[in-house]
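The values are calculated or read from the model by the stated rules, or taken from the named source; none is laboratory data. Remember, it's a predicted structure, so these values are computed and weren't measured experimentally. Counting neighbours? That spans all protein chains shown, and the Cβs are built from the backbone with ideal geometry, glycine included. Each accessible area value is taken on the protein alone, full model and side chains, heavy atoms only, with ligands, DNA and RNA left out. Shrake-Rupley method; radii C 1.70, N 1.55, O 1.52, S 1.80 Å.
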Amino acid sequence: MTPAARLSAAIEILGAIDAQRIPAPNALKEWGTAHRFAGSGDRAAIAGLVFDVLRRRASSAWLMDDDTPRARLLGMLRLERGLDADAVAALCDGGRFAPEPLTATERAALTSRSTKDAPAHIAGDYPEWLDPQFAAVFGETRVAEAIAMASRAPLDLRVNTLKASQDKVLASMKHLGARATPWSPWGLRIDLGADARNPGIHSEEAFIKGGVEVQDEGSQLAALLTGAKPGQQVIDMCAGAGGKTLALAAMMQGKGRLIATDHDKRQLAPIHERLSRAGIHNADVRTPRGDDTLADIKASADLVVIDAPCTGTGTWRRNPDAKWRMRPGALEVRIKDQAEVLDRTAGLVKPGGRIAYITCSILPQENSEQVRGFTSRHSEYAVVPPAQVASVLWDKADDFLAATIQSDEGLLMTPRRTGTDGFFVSVLTRRT
């Protein structure tokens, strides 16, 4: 397919998303099924266009003063891809399979309009109802923070130190353009272009042999900041598919007791195969059984990790469709879920032990406010100062702290500040 034909396909898919109110991945899959002539490179490029439009949906519509799929695509080409009016016009020439030529109004918009005077939620491309929360966290920098949250994410990998070293895996993946991440001692990063296909990590020898896993650097750091140590009893309360469980196991060097569970047993399905491939033998995966799942753990855990169910606002650059589908009711449900799992956890930790509360959200209701609520209900817990938590990064600790947003309750990573997904981490210690 020509670049122009890919634009027409993206406009068609965006129209289907609007008309059918379906998630972008579903619309892309349906289009691919109906257009089997499109190769993998074409499908990847078209998906990139669609997701880039979703990243800049509000600002692109503002730029064009029009909220149609075509207008949003044209605006995205200007704002996200950096094409000027002449370059866009060259693609939209009305030829075979190409979009119709630019109208005089469209050319004028691409030439003269900007988002300089747009409201913050428009310039930053996030739902208007979230503007008070963004303002509370970021203040006057919220547009810059939101634009970074709308940017394309790299592919991050975590080296499994039970089986390999960062240097060894880095050397084996040089052909993919891999480089070390700036913060995590286990991290590798592969930058992806606008039309790039995800590299076949799952076919790499290092992955097959369990030496590397796909995991954002922010998630790696969240695991690292828990301070899990060999010989401890550690519980991963919201283990899901096991990303942080595997990182915790490597930190424990196979020594001690690691219990992984989740309220939804379906989320645990992939964890068994991942643990086996990673060479982890000290993990006990517990399928939820009502209130009996952790009945044998009574104030004896050294560390409980809560990778809490959340809105996922910190991961919008990987799933831009999610931010436009999010509703206030979803936030209310997550806040309730978080409070419940925190309260269930309180009795599992021994005196001197710790809870690591983690979200992939930037919203204060899920982060600092949730921690304040927990400590008000459980006075036996106190927040560990962020500087002490970050000390596990050794010589990078000061620079990392300077890059994060710190509060009395924890620290927040963001794409703009740390180059990671948005993650909040709070560590609490049980005093009595």
Note down all Cβ pairs under 6 Å where the first residue falls in segment 195-223 and is small (Gly, Ala, Ser), the second is open to solvent by 40 Å² or more (accessible area, probe 1.4 Å), and they're at least six residues apart or on different chains. Ala206/Ser172; Gly210/Lys163; Gly211/Lys163
Quickly run through segment 12-24 and pick out the residues that are in contact (Cβ under 8 Å) with a residue 60 or more places away in the chain and surrounded by fewer than 20 Cβ atoms within 10 Å (Cβ to Cβ). Pro23
Exactly one condition in (1) in a helix (DSSP H, G or I); (2) modelled with pLDDT of 95 or more; (3) under 30 Å from Ala250 (Cα atoms) is false for Leu157; which is it? (1)
Looking only at segment 43-69, count every residue that is open to solvent by 20 Å² or more (accessible area, probe 1.4 Å), over 22 Å from the mean Cα position of the chain (by Cα) and not polar (S, T, N, Q) and tell me the total. 6
Mind checking whether some residue in segment 245-253 is of a type in the set (Ser, Thr, Tyr), modelled with pLDDT of 95 or more and under 28 Å from the mean Cα position of the chain (by Cα)? yes
I need a count of the residues in segment 380-432 that are in a strand (DSSP E or B), among the aromatic types (Phe, Trp, Tyr) and under 21 Å from the mean Cα position of the chain (by Cα). 2
Of the residues that make up segment 102-111, is at least one surrounded by fewer than 20 Cβ atoms within 10 Å (Cβ to Cβ) and within 20 Å of Gly15 (Cα to Cα)? yes
Quick one: would you say Leu83 is open to solvent by less than 10 Å² (accessible area, probe 1.4 Å) and either touching a Lys or Arg at 6+ places or on another chain (Cβ under 7 Å) or modelled with pLDDT of 95 or more (or both)? no
Asp264 passes all but one of (1) among the charged types (D, E, K, R); (2) modelled with pLDDT of 95 or more; (3) farther than 28 Å from Ala44 by Cβ; (4) open to solvent by less than 60 Å² (accessible area, probe 1.4 Å); which number fails? (2)
